[in-house]
2 protein chains.
Amino acid sequence: MTRLGVLIASTRPQRIGLQLGEHIADFARRHTNADVQIIDLQQVNLPLLNEPRMPSLGDYVHEHTRAWARTITATDSLIIVTPQYNAGYPAPLKNAIDTLYAEWADKPTLIVSYGYHGGEQAAQQLSSVLARVKVALIEPAIAITTSNEQRDEQGFLRDPSALVAAHSAELEAGLKALTASA
Amino acid sequence: MTRLGVLIASTRPQRIGLQLGEHIADFARRHTNADVQIIDLQQVNLPLLNEPRMPSLGDYVHEHTRAWARTITATDSLIIVTPQYNAGYPAPLKNAIDTLYAEWADKPTLIVSYGYHGGEQAAQQLSSVLARVKVALIEPAIAITTSNEQRDEQGFLRDPSALVAAHSAELEAGLKALTASA
């Protein structure tokens with residue numbers, strides 16, 4: 001059984017990324033026979049890159065780095081669910097990518113960005129980064145536009161399933177490509 | 001007296017950014033009458049963005065955020081000394097930017113990137129981010145190309161002053177623009 005990781009890039013306390021990611025994971029479970037797991041960077045809780053040597057050398061000295069490497073190695077493909085902050089990717093996601101190197105190579109990976117304008121600039125910057133670590137990028141990326149009206153008083157989405165359902169066709173195409181190449 | 005901050009973006013243990021930044025700060029002290037201070041993100045030691053509300057609202061609840069806001073407000077202009085990791089900016093720098101918002105507006109800012117190919121892709125992605133937080137970007141950015149031959153056994157630069165001196169003309173032009181607009 002192919003293993004699909006849904007990586008939650010935001011670690012903010014009031015993030016909507018986990019809501020979207022959980023509904024994307026549910027969608028993936030209904031539309032594929034993959035073993036779908038949430039990989040939540042808030043739970044992973046990686047420190048900022050503190051390995052003494054370049055990650056491309058692979059000689060990690062810290063147990064947190066080795067554990068993160070095992071987590072990524074235990075997936076056959078990935079969906080990265082990322083917010084856009086100031087036209088770019090969030091720091092916890094960049095740190096999680098930069099902490100490893102060889103583990104990303106050839107991993108079929110789909111970007112799902114979200115934000116007031118769908119987060120397409122973050123997705124574009126992220127694509128350049130992912131190309132450098134040699135993932136097998138599944139295109140096109142998916143961009144989910146969110147608005148303040150869709151949020152409750154705490155800033156959470158009232159109906160994340162509707163937002164995900166609005167992208168069903170793109171998600172189905174992305175999942176097909178992900179699981180075919182994994 | 002105008003206050004110039006030299007922001008060290010890398011927080012890795014074996015970083016060369018502090019070496020380059022210290023020599024850039026020395027250069028700035030010799031060529032301007034600015035009060036030049038190093039702002040070292042390793043010392044600032046910001047946690048990953050954990051404010052409950054959007055930084056653009058400015059209602060920071062954490063003392064570490066308020067202290068960081070005071071540090072940036074206490075500068076009239078900035079030089080950001082940044083490595084390139086995987087075609088992008090490093091996570092600690094993005095986190096430091098995303099943690100604030102209004103504090104960056106109109107701040108004259110020069111990017112000095114470094115890397116095997118000068119870090120120009122990181123500088124380009126960073127420019128888009130800095131435009132979003134409305135800094136007054138000083139162009140062109142400066143790109144310092146480093147090679148393994150320039151490093152000692154621990155990975156540090158043998159002669160950082162020579163690397164900085166090789167960019168004297170660009171630095172002088174950048175400092176002139178920084179201090180004129182600050």
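The values are calculated or read from the model by the stated rules, or taken from the named source; none is laboratory data. Note that the structure is a prediction, hence the values are computed from the model and not measured. Methodologically, a virtual Cβ is constructed for each residue, glycine included, from the backbone with ideal geometry; neighbour enumeration extends over all protein chains shown. We work out accessible area using only protein heavy atoms, side chains counted, and drop any ligands, DNA or RNA first. Shrake-Rupley method; radii C 1.70, N 1.55, O 1.52, S 1.80 Å.
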Open item on the list: Being closer than 21 Å to A:Ala173 by Cβ and either of a type outside the set (Lys, Arg) or in contact (Cβ under 8 Å) with a residue 40 or more places away in the chain (or both) is the requirement here; does A:Ala9 meet it?
Closed with: no
Open item on the list: Looking only at the stretch B:1-45, filter to residues that are among the charged types (D, E, K, R) and over 13 Å from the mean Cα position of the chain (by Cα); which one of those is surrounded by the fewest Cβ atoms within 10 Å (Cβ to Cβ)?
Closed with: B:Arg30
Open item on the list: Return the residues of the stretch B:111-121 that are open to solvent by 10 Å² or more (accessible area, probe 1.4 Å) and touching a Leu at 6+ places or on another chain (Cβ under 8 Å); say none if nothing qualifies.
Closed with: B:Tyr114
Open item on the list: Looking only at the stretch B:137-149, filter to residues that are touching a Gly at 6+ places or on another chain (Cβ under 8 Å) and open to solvent by less than 50 Å² (accessible area, probe 1.4 Å); which one of those is modelled with the lowest pLDDT?
Closed with: B:Thr146
Open item on the list: For the stretch B:126-136: of the residues being over 14 Å from the mean Cα position of the chain (by Cα) and in a helix (DSSP H, G or I), which is surrounded by the fewest Cβ atoms within 10 Å (Cβ to Cβ)?
Closed with: B:Ala131
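Per-residue answers, yes or no, for (1) more than 14 Å from chain B (Cβ to nearest Cβ); (2) closer than 21 Å to B:Leu41 by Cα; (3) free of Cβ contacts under 8 Å to residues at least 40 places away in the same chain:
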{"site": "A:Pro47", "(1), (2), (3)": "no, yes, yes"}
{"site": "A:Glu51", "(1), (2), (3)": "no, yes, no"}
{"site": "A:Asp59", "(1), (2), (3)": "no, no, yes"}
{"site": "A:Ala69", "(1), (2), (3)": "yes, no, yes"}
{"site": "A:Ser77", "(1), (2), (3)": "yes, no, no"}
{"site": "A:Asn86", "(1), (2), (3)": "no, yes, yes"}
{"site": "A:Pro90", "(1), (2), (3)": "no, yes, no"}
Task: Residue count, the stretch B:59-110 (criterion: over 20 Å from B:Ser127 (Cα atoms), open to solvent by less than 40 Å² (accessible area, probe 1.4 Å) and touching an Asp or Glu at 6+ places or on another chain (Cβ under 9 Å)) - done: 4
Open item on the list: Given the condition out of contact with any Pro (no Cβ under 7 Å at 6 or more places or on another chain), among the β-branched types (Val, Ile, Thr), buried (at least 22 other Cβ atoms within 10 Å of the Cβ) and not in a helix (DSSP H, G or I), answer yes or no: does some residue in the stretch B:150-173 qualify?
Closed with: no
Task: Filtered residues of the stretch B:34-60 (kept if touching a Ser or Thr at 6+ places or on another chain (Cβ under 9 Å) and within 15 Å of B:Leu78 (Cα to Cα)) - done: B:Ala34, B:Asp35, B:Gln37, B:Ile39, B:Asp40, B:Leu41
Task: Flag if A:Ile97 is more than 13 Å from chain B (Cβ to nearest Cβ), aliphatic (A, V, I, L, M) and in contact with a helix residue (DSSP H, G or I) (Cβ under 9 Å, 6 or more places away or on another chain) - done: no
Open item on the list: Please go through the stretch A:127-174 and give me each residue that is away from chain B (no Cβ under 11 Å), charged (D, E, K, R) and within 30 Å of B:Gln121 (Cα to Cα), ordered by number.
Closed with: A:Glu139, A:Glu170
